[in-house]
1. Order of 302, 169 from fewest to most other C-beta atoms within 10 Å?
2. Which of 417, 155, 343 sits farthest toward the positive end of the charge dipole of the chain, with +1 on the Cβ of Lys and Arg and -1 on the Cβ of Asp and Glu?
3. In square nanometres, what is the average projected area of the Cα convex hull of the stretch 470-553?
4. When a/c is below 1.5 the answer is rounded, else prolate if a/b is larger than b/c, else oblate, so apply that to the stretch 208-330 with a ≥ b ≥ c taken from the square roots of the Cα gyration tensor eigenvalues.
5. Taking amide H positions as placed 1.01 Å from N in the peptide plane, with prolines and chain starts having none, which residues 5 or more places from residue 278, or on another chain, fall under 5 Å of its amide H?
6. Net charge within 9 Å of residue 201 by Cβ-Cβ distance, Lys/Arg positive one each and Asp/Glu negative one each, not counting residue 201 itself?
7. At what distance in nm do the modelled label points of residue 454 and residue 416 sit from each other, each positioned 7 Å from its Cα along Cα→Cβ?
8. How high is the relative contact order of the stretch 2-214, given as a whole-number percent (alpha carbon pairs under 8 Å, six or more residues apart)?
Amino acid sequence: MCGFVGQIMNLSSYSDSANWGKEIYHRGPDDQGTYVDEYIQLGFRRLSILDVEYGQQPMSDPSGRYHLVFNGEIYNFIELRKELEESGLTFNTGSDTEVLLALYATEKEAAIHKLRGMFAFVIWDKEEKRLFAARDAFGIKPFYYNETEEGLGFASEEKSLFQPGTSTLSPQALQNYLTFQYVPGERCLLDEMEQLKPGHYMIKEPGKSPAIHQYQQLRFQPDGSKTLASSVKQTRDVLEDSVQKHMRSDVPVGAFLSGGIDSTSIVALAKKHNPDLTTFTVGFEREGYSEIDLAQETADQLGVKNIQKVITPEELIQELPNIIWHMDEPVADPAAIPNYFVAKEARKHVKVVLSGEGADELFGGYNIYREPLALKGFDYMPTFLKRGLNQLAQVFPEGMKGRSFLLRGTTPLSERYVGNAKIFDESEKKKIMMHHNKANGFTQLTERFYQEAASYDPSTQMQYIDLHTWLQGDILTVADRMTMAHSLELRVPFLDKEVFRVASTLPSHVKIARGTTKYVLRQAVKDLLPEVVINRKKLGFPVPIRHWLRDELYDWARQVIQNSPVDHLFNKQEIWKLLAQHVRQEHDHSRKLWTILVFMVWHDIYMEPSHVVDDEEAYKTNLLQNHEKHLENVPV
């Protein structure tokens, strides 16, 4: 796990790269390196995991033709290395980096289809003056770029490419953010930034526009002939194999443990390879918002060590600017908070952790996926009746029993489901935004995914939407940034190409069955887990934002709203109404308020200050002080 930054110039040039990569020191505090020639500059920060002594980057092949910077892990590098050695190649290190470089030198673009892992990498062919860059199919590892007249800049995090005073917000991205609580798709909140989409590679030559190609598309291919027994066996076998390969490391590996089936399954399988496995859990003091007791009980029954951390509201206020700085773009998922603190605790003990991200999207784990079964009766109603019921439900008071059920049942899935988080609808955004564009509705982004998933049943369509939006833009972004903030490598065994190969063929009736979700996964691991975990309701790391915004965080929220200079973007009177209604407990506006507050803090940090980047600590201090100054001497 590392970070890189670089630039390919359109014309032969040279610039000092001595300070490159300092903005992402946290991604790789163990080592740094650069490669520079007349057309390209590569900077790298290394977190040493495999071949700690000899796996430095940028790495060049023996001929000096190819030069690589690589963020991630290739879990099948041992098998790939054996193939290459059988063809006559020799290796000087024990790293997966050297295997990746040799594979590309041998097979060029075709090499990418053999990789099993998480990755974002750049390979410069000095002889042909050709850059090849690629990102893994799930989007586990980030890859940002921006194109200017001078050339193409690229980096593991946006902050390495950020140009203070010249960046502008994308109105469409901001409008999408208010719907999704993150910015979906390859576009970024900053107009000039883009992401290389998951499952894509890029070719760039000096003086030419970058050419981007898709090499893999994640598609479900449900096989209705599969039996439950065969599905369970295949699921268990592939998970055993994936966890075994994800345990490959030359430094200690731990695991996050929330007490749910996803993380507990990973821990139980990992313990087979490391009986001394250490696990990490966080929680909150408020009742109902901590899994610490259950995680400890689970850890005791599995025979693993569990280290715990309780998060206070005061710690959140203190660390929130730092959390948002590391995130690069605003992501208003409250789960970022426990992820940040559990990673901070884990890094005191290990360099690598396993986690359960991706199980819900692959195996049908969210309760919302059961909704189509509950709404099945509406499928038999004539269109005119559904239209009438929808209009009737809209005039019912918000919160009235049955209103939401009628609205959902009479609204097409493609118009109501945008993923696991839908914060503001278009009518609400029109009230709160100073410049709302009706043409920029969320369906502009989701429409093509629904078209691609048209042949699936409704539950699988929902999975497909989440796989291509929520998982990439929220879950994996939070996981990467919050762990890398503490120089901790996170590995996600569920998001493995072989696991997906099995999961993609599972029919809905083995995923959502017998009144529960992830049924096939529960059956596949039931002999490994404590009974209390098998059928437990999904919680994850819950965060008491709803309560805090009425109590401990209320004064802080008032200060942020009052002092954030975003009047050109938002109608603050509407925001004050949301806060007042929430405090009076008339409505639960916690997620809406949190989405706005996170954006305001982000705006204060990134869009207001004059950035001076001498080193990471100075950079962060400058940004955080800018946020703090807005809160000074404000009456409470």
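Where a number appears in this text, it was derived from the coordinates with a stated rule and is not lab data. Computed from a predicted model, the values in this text were never measured in an experiment. Positions of Cβ are generated from backbone atoms using ideal geometry, with glycine treated the same way; all protein chains shown enter the neighbour counts.
1. On the way: 302 20, 169 17.
Lowest count first: 169, 302.
2. 417
3. 8.7
4. Working: a/c = 1.85, a/b = 1.16, b/c = 1.59.
In terms of gyration-tensor shape, oblate.
5. 255
6. Values: positive: 135; negative: 109.
Once positives and negatives cancel, what remains is 0.
7. 2.2
8. 20
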